[in-house]
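Before any comments, here is the structure.
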Amino acid sequence: MLTFYTSSAEETIELGKKIGSLLQKGDVIALQGTLAAGKTTITKGIALALGIEEEITSPTFCLISEYYGKMPLYHMDVYRLEGTEDFINLGTDDMIYGDGVSLIEWSEKIMDELPSSTIIIRLTPQDDGSRKIEIENWNHSEIK
């Protein structure tokens, strides 16, 4: 497991850029953390690294946002879903097993449906306002 600490939204975006620069087609990222932990913020950095110029917003109400850059980015939010059956019914297999990168916020609810190679990024706000960011199942080059 890799562990990082960021002290601002800008630093979280920069870490996202480093992660995004190493992602490959078919990578799935399970984003986990409480409300306001920084899940969408780190996604903004990942999107920038993928050459996406559109503004990234939380897909809480639309469930899935698609963005296009060097490769597609499928940004999902499963917070409002009842469980895995709702996730399956969204038709996400085409995205998860497709030619882009899938980022899933609130992934704790549907982990059983994700590939074993899923990269888990857990964001935890700290008392001093910083964020602890842990990355599990990372099979790419080290993040510098």
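FYI, it's all coordinate maths here, none of it is from the lab. Owing to the predicted nature of the structure, the values given are computational and were not obtained by experimental measurement. Heads up, the Cβs are rebuilt from the backbone with ideal geometry, glycines too, and the neighbour counts pull from every protein chain shown.
Points to keep in mind about this one:
- If only the Cβ of Lys and Arg carry +1 and only the Cβ of Asp and Glu carry -1, the dipole of the chain around its Cα centre is close to 440 debye.
- Counting 0.36 nm for each residue step from Thr57 to Leu22 and taking away their Cα separation leaves a gain of 10.4 nm.
- Estimated [θ] at 222 nm from DSSP helical runs (n ≥ 4, -39500 (n - 2.57)) normalised by residues in the chain, nearest 500: -6000 deg cm²/dmol
- Near-label residues of the range 12-32 by backbone N, under 12 Å of a point 7 Å along Cα→Cβ of Tyr68: none
- Cα shape, the range 1-61, gyration tensor, a/c 1.5 rule: rounded
- Net charge in the neighbourhood of Ala37 (other residues with Cβ under 9 Å of its Cβ; Lys, Arg +1, Asp, Glu -1) is +3.
- Pairs beyond 23 Å (Cα-Cα), from Lys18/Lys109; Lys17/Lys109; Lys18/Lys44; Lys17/Lys39: Lys18/Lys109; Lys17/Lys109
- The Cβ shell under 10 Å around Glu113 holds other residues with a net charge of -2, Lys and Arg each +1, Asp and Glu each -1.
- Here's how it looks for Gly33: its modeled amide H is under 5 Å from those of Trp106, Leu123, which are all 5 or more places away or on a different chain.
- Cut-off 15 Å between beta-carbons: net charge of the residues surrounding Met1, Lys and Arg +1, Asp and Glu -1: -1
- D by Stokes-Einstein for the chain, Kirkwood Rh over Cα pairs, 4 °C, 1.567 mPa s: 87 µm²/s.
- Among Glu53, Glu105, Glu11, residue whose mean-square fluctuation peaks in a GNM of the chain (springs only between Cα atoms under 10 Å): Glu53
- In order along the range 111-117, phi translates into HN-Hα couplings of 4, 5, 9, 9, x, 5, 7 Hz, rounded to whole numbers, per the Karplus curve 6.51 cos²θ - 1.76 cosθ + 1.60 with θ = phi - 60° and x for Gly and Pro.
- For the pair Leu2 and Trp138, label points projected 7 Å from Cα toward Cβ lie 0.3 nm apart.
- Database remark: amide H of Asp27 closer than 5 angstrom to the amide H of Ser102 (H placed geometrically; neighbours at sequence offset of 5 or more, or on other chains; Pro and chain starts carry no H).
- Counting DSSP beta bridges with both ends in the chain, the antiparallel % (nearest 5): 55
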